[in-house]
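K.L.:
Have a look at the structure that comes next, please.
The values are calculated or read from the model by the stated rules, or taken from the named source; none is laboratory data. No experiment lies behind these values; they were computed from the predicted model shown. Ideal geometry is used to build each Cβ from the backbone, glycine not excepted, and the neighbour counts take in all protein chains shown.
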Amino acid sequence: MSRYTRNSLLAAALAGVVVLTPVSPAQAVDERQEAYARAAAEFGVPESVLLAVSYLESRWDVNAGTPSTSGGFGPMHLTDAALLSAGRDALPDHGDDRRGDDSRASEQAPHGVPDNGPPAAALQTIDPASALSGESKQALRSDPAANIRGGAALLRRYQEEIQGPVGSATDPAAWYGAVARYSGAETHDAAAGFADEVYATLRAGANRTTDDGHTVTLRAHGNLAPDRGWLDRWRLRKLERPDGLECPVDIACEWLPAAYALRGNGSNPGNYGQYDKGNRPQQQRIEYIVIHDAEGYYTGTTRLGQDVNWPASWHYTMRSVDGQTAQHIKAKDVGWHAGNWYLNAKAVGIEHEGFAAQGTWYTEIMYRTSAKLVRHLAFALGIPLDRQHIIGHDNIPGITPARVGGMHWDPGPYWNWAHYFELLRAPWHGTGTHHTGLVTINPDFTTNRPAFTHCPPASNPGGLPIPGPCPSRGSSSVILRQDPAHDAPLINDLGIRPDGTPNTMNVKDHGARASAGQKFAIAEVRGEWTAIWYLGRKAWLHNPPGARNALWSFGFVARPKEGRATIPVYGRAYPEQAAYPANVPYQPLAPLQYTFAAGQRYVVGDILPSEYYRAVTFDGSSPGDRTVVEGEMRYVQIQFGHRIMYVNLDDVDILPSIF
């Protein structure tokens, strides 16, 4: 037993949070690594296979004893969906208009799905693991060593079920079928995708320090070639891949089309679901890929993705347990997902099974599958792999001042952007010193643990929040303060708190946060603190030497033209009035409530044409329907706060960030 006594773990788990005591480096190397070795020997599983499976589930992390987005616990991701569903309340109704088009009637679509019907076998592996290992379910959820034993016992059982060779000294290549079965996948394609990633990890090897301070190593097996024939013994359903499916060939993907039909009695051509027809990128360039979490499970999310009466839509849904992906809309068509029509018309939306507030963790297989999909789309559509174009739903601006406060904040502060961009093969690097003028936010995800509050309980990640601290866990978010001191008030976001009061540490209140990968212009450096320009003022982040939360960077910034005291900031890049033809109603420019003043500088993400896509009827019968209005105005996309925003190119000078 490790120095984490089982009694203390159980007590903490019952309180909703597992508190893990740091260990010394020497202990870290010995205890967790040896736990894998002992479990492998006890249950007759090659240690390398056990380590690689665990890495693909959790990267060997324990995640503070909290469940994953598919109800999995511990480094072996033993699933206990029954525990989560037993405590589920009704989903909160915080509806919004996902189209974000104020030229049409608003339709409310709550961000949260009511159907939580996961496959019982895939999401209840804790029961057989308990029976096989003799460990209680509580121990499997809370004790890492017990969890590893339970995972090893499951792998052994799966290998026996297909009559494969067993024993810790057996050839890892012969365990492909058991590894595939461990994924919980319902389809041959998803099981193979998981197993292939496990064996890729086996070939490459891995070494990292876990989130509770243990160093674990998997030796590289460079020439290992698995025997994929073992997978056929499970007789899993093989997915059909129709022509035109817009997924890379190495992920499990199926076509579950979103509904496109009239609603009601069919007499109103403007009353339809579930998306808008388009002709992208020929008619309009796609600039963004938007990362969402579904605030629900895969089954319910995909069902809503096909429901003509649900006034929201997105292009893909991805499952946590195995990375299986459903495509609902072709990239040429416009989904209703971002809450901003300008962004919707220029974006692809991907929903990930999960919950932003609780911090239920995202599995490694889902991160990897999502990165494969995003790389595939980015290369096909010419989208840069940076945080100006691969953005979260939380980075989408409101279209008008009244809409800013209701915009979404998923995938939330617990999405690991740095790891995601490593998987995209576009990691961030520092370039210069503070004199080069920019920072790229890049906290150490594992050790950066802001004290957020008001998470839902661990047993009900989609439910109502409860007062008090959230579980201590890694985060991509850096907290911003009004002065260079840890006790200084947080920054105010007028769009969220128009009375000027500081934002809070409530997990959904992101108005005083910067997120990993975002770039900001440096306003001042004072000791261990760096000030950035943020929402019209200086915002201070702790950035000490040796433990940087931001990398010195270089790029281009926008500042108001000489003689301009302030310039307007917009949430969409619509054309000037003269650009609209007679058959398309003018969409007024709507400056947001923020101030971009002389002397301030904001990072340039792109220079974009002014465009408005007119799409308001089912059959294109409205005058000017399904056309793109293009203006003479051009806009500069800037990182103005947590969200991207736009300024008129004629209002700013663009210059190198160095000063």
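K.L.:
If a residue has to be among the β-branched types (Val, Ile, Thr) and either free of Cβ contacts under 8 Å to residues at least 60 places away in the same chain or surrounded by 24 or more Cβ atoms within 10 Å (Cβ to Cβ) (or both) to count, how many in the stretch 165-204 make the cut?
P.N.:
2
K.L.:
Determine whether the stretch 607-615 contains at least one residue that is closer than 30 Å to Trp540 by Cβ, touching a helix residue (DSSP H, G or I) at 6+ places or on another chain (Cβ under 9 Å) and without any contact (Cβ under 8 Å) to a residue 60 or more places away in the chain.
P.N.:
Within the stretch 607-615, the first condition is being closer than 30 Å to Trp540 by Cβ, and the residues that meet it are 607.
Retained after the next criterion (residues that are touching a helix residue (DSSP H, G or I) at 6+ places or on another chain (Cβ under 9 Å)): 607.
Adding the requirement that they be without any contact (Cβ under 8 Å) to a residue 60 or more places away in the chain leaves 607.
For the stretch 607-615, residues closer than 30 Å to Trp540 by Cβ, touching a helix residue (DSSP H, G or I) at 6+ places or on another chain (Cβ under 9 Å) and without any contact (Cβ under 8 Å) to a residue 60 or more places away in the chain: present.
K.L.:
Since Ala418 meets every condition but one in (1) under 18 Å from the mean Cα position of the chain (by Cα); (2) without any contact (Cβ under 8 Å) to a residue 60 or more places away in the chain; (3) part of a helix (DSSP H, G or I), which condition does it not meet?
P.N.:
(2)
K.L.:
Here's something else I'd like to know. Any idea which of Arg403, Arg481, Arg425 is without any contact (Cβ under 8 Å) to a residue 60 or more places away in the chain, of a type outside the set (Gly, Ala, Ser) and outside the structural domain of Val647 (by TED's automatic domain parsing)?
P.N.:
The conditions single out Arg425.
K.L.:
For the subset of the stretch 561-571 comprising residues that are of a type outside the set (Val, Ile, Thr) and surrounded by fewer than 18 Cβ atoms within 10 Å (Cβ to Cβ), which member is nearest to the chain's Cα centre (by Cα)?
P.N.:
Filtering first and then ranking leaves Pro568.
K.L.:
Can you tell me which condition Gly222 does not meet? The list is (1) modelled with pLDDT of 95 or more; (2) assigned by TED's automatic domain parsing to the domain that holds Asp171, and all the others hold.
P.N.:
Answer for Gly222: the failing condition is (1).
K.L.:
Somewhere in the stretch 233-246, is a residue farther than 20 Å from Ala380 by Cβ and modelled with pLDDT under 90? Walk me through how you get there before you give the answer.
P.N.:
Going through the stretch 233-246, the residues farther than 20 Å from Ala380 by Cβ turn out to be 233-240.
Right, trim to modelled with pLDDT under 90 and you get 240.
Within the stretch 233-246, one or more residues are farther than 20 Å from Ala380 by Cβ and modelled with pLDDT under 90.
K.L.:
Another question about this same structure. Inside the stretch 345-376, can you point out the residues that are surrounded by fewer than 24 Cβ atoms within 10 Å (Cβ to Cβ) and among the small types (Gly, Ala, Ser)?
P.N.:
Those that are surrounded by fewer than 24 Cβ atoms within 10 Å (Cβ to Cβ) and among the small types (Gly, Ala, Ser): Ser370, Ala371.
K.L.:
With the requirement that a residue be crowded, with 19+ Cβ neighbours inside 10 Å and of a type in the set (A, V, I, L, M), what does the stretch 476-518 give you?
P.N.:
Listed by number, the residues that qualify are Val478, Ile479, Leu480, Leu490, Ile491, Leu494, Ile496, Val507, Ala512, Ala514, Ala516.
Residues are listed down the side, and each one gets a yes or a no for (1) within 30 Å of Leu464 (Cα to Cα); (2) of a type in the set (Ser, Thr, Tyr):
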residue	(1), (2)
Asp196	no, no
Tyr199	no, yes
Gly205	no, no
Leu231	no, no
Gly244	no, no
Pro257	no, no
Ala261	no, no
Gln284	no, no
Ile289	yes, no
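K.L.:
Another one. Out of the stretch 428-443, which residues are in a loop (DSSP other than H, G, I, E, B) and surrounded by fewer than 14 Cβ atoms within 10 Å (Cβ to Cβ)?
P.N.:
Hits for the stretch 428-443 are His429, Thr431, Thr433.
K.L.:
Checking Ser313 against (1) more than 30 Å from Pro75 (Cα to Cα); (2) touching a strand residue (DSSP E or B) at 6+ places or on another chain (Cβ under 8 Å); (3) not β-branched (Val, Ile, Thr); (4) not in a loop (DSSP other than H, G, I, E, B): exactly one of these is not met. Which one?
P.N.:
It fails just one condition, (4).
K.L.:
Further question: Pull up the stretch 225-248, narrow it to residues that are part of a helix (DSSP H, G or I) and buried (at least 18 other Cβ atoms within 10 Å of the Cβ), then point me to the one that is nearest to the chain's Cα centre (by Cα).
P.N.:
Leu231
K.L.:
Let me ask something else about it. Please indicate, with yes or no, whether at least one residue in the stretch 46-55 is surrounded by 24 or more Cβ atoms within 10 Å (Cβ to Cβ), in a helix (DSSP H, G or I) and touching a strand residue (DSSP E or B) at 6+ places or on another chain (Cβ under 7 Å).
P.N.:
yes
K.L.:
So which residues in the stretch 506-533 are more than 20 Å from Gly430 (Cβ to Cβ) and out of contact with any Phe, Trp or Tyr (no Cβ under 6 Å at 6 or more places or on another chain), if there are any at all?
P.N.:
Residues satisfying the conditions are Asn506, Asp509, Gly511, Ala512, Arg513.
K.L.:
Taking the stretch 610-634 only, how many residues are modelled with pLDDT of 95 or more and either assigned by TED's automatic domain parsing to the domain that holds Ala523 or surrounded by fewer than 16 Cβ atoms within 10 Å (Cβ to Cβ) (or both)?
P.N.:
Adding up the residues that qualify gives 3.
K.L.:
Hey, could you check the stretch 254-281 for residues that are outside any loop (DSSP other than H, G, I, E, B) and of a type in the set (A, V, I, L, M) and say which is surrounded by the fewest Cβ atoms within 10 Å (Cβ to Cβ)? Spell out the reasoning first.
P.N.:
If we filter the stretch 254-281 for residues that are outside any loop (DSSP other than H, G, I, E, B), which is where we start, we get 254-255, 261-262, 272-273, 276.
If we keep only those that are of a type in the set (A, V, I, L, M) too, we end up with 261-262.
On the way: Ala261: 11, Leu262: 17.
Here the answer is Ala261.
K.L.:
If only one of Ala206, Ala252 is in contact with a His (Cβ under 9 Å, 6 or more places away or on another chain) and of a type in the set (Gly, Ala, Ser), which one is it? Steps first, answer last, please.
P.N.:
Working: Ala206 fails: in contact with a His (Cβ under 9 Å, 6 or more places away or on another chain).
The match here is Ala252.
Residue-wise test of (1) buried (at least 16 other Cβ atoms within 10 Å of the Cβ); (2) at pLDDT 95 or above; (3) under 19 Å from Leu343 (Cα atoms).
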| residue | (1), (2), (3) |
| --- | --- |
| Arg559 | yes, yes, no |
| Ala573 | yes, yes, yes |
| Ala578 | no, yes, no |
| Phe596 | yes, yes, no |
| Tyr646 | yes, yes, yes |
| Ile654 | no, yes, no |
| Phe659 | no, no, no |
